[in-house]
Amino acid sequence: GPQRGGAQQGGAQRGGRGGPAAAPTPIRRMPDGKPDLTGMYQADAGGSNYGLENKPGDGLIPGSRGVVVDPPDGILPYQPWARAERNERVLPHRGYDDSTAHCFMGGVPRALYTPSPFQIIQPPGFVLLLFERMNWRQLQISDRPHIADDIRLWNGDSVARWEGDTLVVDTKNMNGQAWLNEVGDVMTHDAKIVERFTPVSGDRITYSATVTDMLAYTRPWTIQMNLNRQDDELLEAACHEDNGDLPHLKDVRDEYRAKNKKEK
């Protein structure tokens, strides 16, 4: 859906959805001195939900500013098969295969740059991420080992730690079914993700995610964007399988399959 609110490049939004930017404020602190990330945020994602690489708009698909900071050229280091799969996924008959069309969660890191706000809550020993699109993550501050490799989850298994003022989150045990965005950037079950949440003021967090997925890519890669504090609240966003777009996406897929079968 269309992006709500502000979260614009250049300043935190404090006046509600699209309100004026405010001057930087000091980093907020918990009683133990760690940064207090509590609040509502929205990513200045530059269209990441429609492509992580820089690209112009194409028909009904919005353009993307590009958030890949490594490799320096901003191009995802795809293996040939994965680039071909990503190019196939953008075609109309593949829209049905995006898990979010079926009301499954977007996964890591996609949920951070889906164009809707999210809330951070920080009880002792945890950081909780509550997403408007019916999804949440519980990040335990711990040195525990990851869960057994035969358990696979939409959001994977995340273990968090503080490195100075940066919250570092290690995630693995992905199920490999989530797309990285609506145009189908690829991530497999083998992915290991390291996210970094670094507050730079009381109203802005620099967010990065480094993905190591050697089944689909030739090397690790990193995206980066700002998370800007909002005067906002989570809305009730219901997702019902078979409502809205899904029957249409299924019809497009079935029509494509029938046409190919007839031609063969």
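The residues in region 37-61 that are out of contact with any helix residue (DSSP H, G or I) (no Cβ under 7 Å at 6 or more places or on another chain) and open to solvent by less than 40 Å² (accessible area, probe 1.4 Å) can be counted, and the count is 12. When the test is whether a residue is open to solvent by 10 Å² or more (accessible area, probe 1.4 Å) and either touching a Gly at 6+ places or on another chain (Cβ under 7 Å) or under 13 Å from Gly107 (Cα atoms) (or both), Thr166 does not pass it.
Of the residues making up region 18-49, just one is more than 19 Å from Trp162 (Cβ to Cβ), at pLDDT 95 or above and either in contact with a Cys (Cβ under 6 Å, 6 or more places away or on another chain) or of a type in the set (Ser, Thr, Tyr) (or both), namely Ser48. Taking into account only those residues within region 83-119 that are hydrophobic (A, V, I, L, M, F, W, C) and crowded, with 21+ Cβ neighbours inside 10 Å, which is nearest to Arg257 (Cα to Cα)? In this case the residue turns out to be Met105.
The single residue among Asn175, Asn155, Asn181 that is farther than 21 Å from Pro124 by Cβ, open to solvent by 30 Å² or more (accessible area, probe 1.4 Å) and not β-branched (Val, Ile, Thr) turns out to be Asn175.
Residues in region 120-136 that are in contact with a Gly (Cβ under 9 Å, 6 or more places away or on another chain) and open to solvent by less than 50 Å² (accessible area, probe 1.4 Å): Ile120, Phe131, Asn135.
So for region 190-206 (the condition being open to solvent by 10 Å² or more (accessible area, probe 1.4 Å) and assigned to a loop (DSSP other than H, G, I, E, B)), does at least one residue qualify? The answer is yes; a qualifying residue exists. Listed by first and then second residue, the pairs linking a residue in region 238-254 that is under 10 Å from His102 (Cβ atoms) and open to solvent by 80 Å² or more (accessible area, probe 1.4 Å) to a residue that is at pLDDT 70 or above and outside any helix (DSSP H, G or I), with Cβ atoms under 7 Å apart and 6 or more places separating them unless they lie on different chains, are Glu241/Cys103.
Residue-level check: of (1) part of a helix (DSSP H, G or I); (2) open to solvent by less than 80 Å² (accessible area, probe 1.4 Å); (3) in contact (Cβ under 8 Å) with a residue 12 or more places away in the chain; (4) of a type outside the set (Gly, Ala, Ser), Asn260 misses just (3).
For region 65-82, the tally of residues that are hydrophobic (A, V, I, L, M, F, W, C), part of a loop (DSSP other than H, G, I, E, B) and either closer than 9 Å to Ile223 by Cα or open to solvent by 30 Å² or more (accessible area, probe 1.4 Å) (or both) stands at 2. Residues in region 141-189 that are among the hydrophobic types (A, V, I, L, M, F, W, C) and in a loop (DSSP other than H, G, I, E, B): Ile147, Ala148, Ile151, Trp154, Ala178, Trp179, Leu180, Val183, Val186, Met187.
The values are calculated or read from the model by the stated rules, or taken from the named source; none is laboratory data. Everything numeric here is computed off the predicted structure, so don't read it as measured data. Every residue, glycine as well, gets a Cβ built from its backbone with ideal geometry; the counts of neighbours run over all protein chains shown. Side chains are part of the model used for accessible areas, which takes the heavy atoms of the whole protein and leaves out ligands, DNA and RNA. Shrake-Rupley method; radii C 1.70, N 1.55, O 1.52, S 1.80 Å.
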